[in-house]
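Q: One structure follows; several queries about it will come next.
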């Protein structure tokens, strides 16, 4: 019986990370599609959604880099946002409709006194206009239809939340360092409420995503030209392994890499003296490297090195 003919994927088979400095007014998926077309790439995805209102780092993965997206999304994020006091909005940002007002404007001292309650492990109610599913529907779809959306509080980790500037009585600028899944819009909304007023995010910029910083960012207009311009240079891409720079590296031989490639777990006895001290021996991740070549991610478990997420060898 003849095998069915497999259609060849369209576009170039390229792999790596592109860190886009996303402009205001575009959604994350829209930017991914624009960049994918510009590079004529077969496969692309992003490492963490930014709202249309937001600017800043949007990591885009091509090809094999898409396998490392979950690890980037789990990484530390740093944001700077401006909180506008006195107006509550249905989206908790400046793109929404005003649903409440307050004449109260907190002092700098009151703001600083309120911030510790929002640091560490906290519970946070996501914005009604978010991608969380409620009964199989996206919350933002229900909210746009005018339905009341009741979302449950969920755990969030905020490592740093600082008042950076106070341009005027109506506005305050903050910088936040957080873990995965923390909503800046909820932080702004809840801080304003804790101060006895209401508020929303007027401006938001992401400064860091995991190992990616502003120094890596490329303006979108440098990537996306007119229809008759050649594809942008592949020199703009960072290696796949850059996304995993925070994960300890473990040197493996080509023979060990081949065994891992076949899905074999290898006794850690064979890696005596090579396991990095920074690696957690209890289910910790390591980056398997054969020289400069990234093999994939492996987990230390029960005295074994188990392959978890391997890269296809070119």
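Q: Can you pull out every residue in the stretch 91-101 that is surrounded by fewer than 19 Cβ atoms within 10 Å (Cβ to Cβ) and at pLDDT below 95? Reasoning before the result, please.
A: Kept after step one, since they are surrounded by fewer than 19 Cβ atoms within 10 Å (Cβ to Cβ), are these residues of the stretch 91-101: 94-95, 97-101.
The answer is 94, 95, 97, 99.
Q: Of 138, 160, 205, which residue is under 22 Å from the mean Cα position of the chain (by Cα), at pLDDT below 95 and farther than 21 Å from residue 98 by Cβ?
A: On the way: 160 fails: at pLDDT below 95; 205 fails: at pLDDT below 95.
Going through 138, 160, 205 in turn, the sole match is 138.
Q: Name the single residue that is modelled with the highest pLDDT among those in the stretch 163-181 being in a loop (DSSP other than H, G, I, E, B) and surrounded by 13 or more Cβ atoms within 10 Å (Cβ to Cβ).
A: From the stretch 163-181, those in a loop (DSSP other than H, G, I, E, B) are 169-170, 179-181; that's our starting set.
Okay, now just the ones that are also surrounded by 13 or more Cβ atoms within 10 Å (Cβ to Cβ), so 170, 179-181.
Numbers: 170: 98, 179: 88, 180: 83, 181: 81.
Here the residue is 170.
Q: Separate question: For the stretch 258-314, how many residues meet the condition of being free of Cβ contacts under 8 Å to residues at least 12 places away in the same chain and over 29 Å from the mean Cα position of the chain (by Cα)?
A: So the answer is 6.
Q: Taking only the stretch 107-130 into account, find how many residues are outside any helix (DSSP H, G or I) and at pLDDT 70 or above. Reasoning before the result, please.
A: From the stretch 107-130, those outside any helix (DSSP H, G or I) are 107, 119-130; that's our starting set.
Filter once more, keeping what is at pLDDT 70 or above: 107, 119-128.
The qualifying residues number 11.
Q: Quick check on the stretch 111-134. Is at least one of its residues under 30 Å from residue 11 (Cβ atoms), assigned by TED's automatic domain parsing to the domain that holds residue 163 and in contact (Cβ under 8 Å) with a residue 24 or more places away in the chain? If you could, list the steps in order and put the result at the bottom.
A: Residues of the stretch 111-134 that are under 30 Å from residue 11 (Cβ atoms), as a first pass: 131.
Among the residues that remain, those that are also assigned by TED's automatic domain parsing to the domain that holds residue 163 are: 131.
Next, from what is left, pick out any that are in contact (Cβ under 8 Å) with a residue 24 or more places away in the chain: 131.
Within the stretch 111-134 (the criterion being under 30 Å from residue 11 (Cβ atoms), assigned by TED's automatic domain parsing to the domain that holds residue 163 and in contact (Cβ under 8 Å) with a residue 24 or more places away in the chain), the answer is yes, since at least one residue qualifies.
Q: Hey, could you check the stretch 224-258 for residues that are buried (at least 19 other Cβ atoms within 10 Å of the Cβ) and modelled with pLDDT under 90 and say which is nearest to residue 55 (Cα to Cα)?
A: Here the residue is 243.
Q: What tally of residues in the stretch 182-201 results from selecting those that are assigned to a strand (DSSP E or B) and surrounded by fewer than 20 Cβ atoms within 10 Å (Cβ to Cβ)? Step through it out loud before you land on a result.
A: Within the stretch 182-201, the subset assigned to a strand (DSSP E or B) is 199-201.
If we keep only those that are surrounded by fewer than 20 Cβ atoms within 10 Å (Cβ to Cβ) as well, we get none.
Selection size over the stretch 182-201: 0.
The values are calculated or read from the model by the stated rules, or taken from the named source; none is laboratory data. None of these values were measured; they are calculated from a predicted model. Heads up, the Cβs are rebuilt from the backbone with ideal geometry, glycines too, and the neighbour counts pull from every protein chain shown.
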